[in-house]
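None of the figures in this text is laboratory data; all of them are computed from the coordinates on show. These numbers were taken from a predicted model, which means no experiment stands behind them. Note that each Cβ is placed from the backbone with ideal geometry, even for glycine, and that neighbours are counted across all protein chains shown.
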């Protein structure tokens, strides 16, 4: 399933102990392109990762994931930045899954307005440029991670002319196999049980870059972000495995 070049020794990337409840983030909050932005990682890091969260915005599970990516690679730490692209108005997590007409309508409206990719895509290079002149001075290389809706944004941001060197799509939404043909940088995809297997398979077939597709077949969509129930030992274990996979991938390609 994987077509990624061999990875390094596992010794350099380890997931710090995951906090199941009441996580306190390690980073701080700054403003980038007018958006509240979470930043974490060592001040002397030379590489950075931009995170595009899922439609539910800032959740403890997602913030903990950013801290894991920032500090989990002992040889190559990262500065991690997560802007609030929804500017304080994320989707309500109670809308998902959309198992009735009202929830479906609210989610549909959200995707047509705040979560419409054309609204966010132009902000990605603006964010990176602003960070280069401030909080990310000294950063040599950039990666990008997207969860759910954010995975669509990172794919569209990974095409010709991208500022990023490697990308990751976690439990991706809106998977279009045609997008894969235009991706120009190494990509890792971590689908859950809720993703369309046929669409993911066709997407992988169309990739022309080094890549890895790692399935999490017993986890729900959102298990590495807002919908992760870290008090469930099985979910916690797979959450850890997912972040280990991301760390290994970025170590090899960023």
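Numbers below:
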{"quantity": "Calculated FRET value between residue 25 and residue 109, using beta carbons and R₀ = 25 Å, to 0.05", "calculated": "0.25"}
{"quantity": "Fraction of beta bridges assigned by DSSP in the chain that are antiparallel (%, nearest 5)", "calculated": "35 percent"}
{"quantity": "Packing-based ranking, highest mean first, of 203-214, 150-161, 226-237, 15-26 given that Cβ atoms within 10 Å are counted", "calculated": "150-161, 203-214, 226-237, 15-26"}
{"quantity": "Computed helical MRE - 222 nm, the chain, DSSP H runs ≥ 4 contributing -39500 (n - 2.57), nearest 500", "calculated": "-9500 deg cm²/dmol"}
{"quantity": "Cα-based convex hull, segment 102-224, per residue volume (Å³, whole number)", "calculated": "121 Å³"}
{"quantity": "Antiparallel %, DSSP beta bridges [both residues in segment 93-201], to 5", "calculated": "10 percent"}
{"quantity": "Zone of residue 163's modelled label, taken as backbone nitrogen in segment 30-58 under 17 Å from a point 7 Å along Cα→Cβ", "calculated": "30-40, 46-53"}
{"quantity": "Segment 24-85: Cα Rg divided by the 2.2 N^0.38 Å rule of thumb", "calculated": "1.04"}
{"quantity": "Cα radius of gyration and Dmax for segment 63-142 (Å)", "calculated": "16.8, 49"}
{"quantity": "Against the rule of thumb 2.2 N^0.38 Å, how large the Cα Rg of segment 44-185 comes out", "calculated": "1.07"}
{"quantity": "Kirkwood Rh (inverse of mean 1/r, distinct Cα pairs), segment 10-253, angstrom", "calculated": "17.9 Å"}
{"quantity": "FRET E, pair residue 129, residue 92, Förster distance 30 Å, beta-carbon r, rounded to 0.05", "calculated": "0.40"}
{"quantity": "Residues 12, 148 arranged by fewest to most Cβ contacts within 10 Å", "calculated": "12, 148"}
{"quantity": "Computed E for residue 74/residue 101 - FRET, C-beta separation, R0 35 angstrom, nearest 0.05", "calculated": "0.10"}
{"quantity": "Segment 184-246: translational diffusion in µm²/s, Stokes-Einstein, Kirkwood Rh over Cα pairs, 25 °C, 0.890 mPa s", "calculated": "197 µm²/s"}
{"quantity": "Ordering of 121-130, 163-172, 72-81 by packing [mean C-beta count within 10 Å, highest first]", "calculated": "163-172, 72-81, 121-130"}
{"quantity": "Pair residue 201, residue 234: separation of 7 Å Cα→Cβ label points (nm)", "calculated": "2.4 nm"}
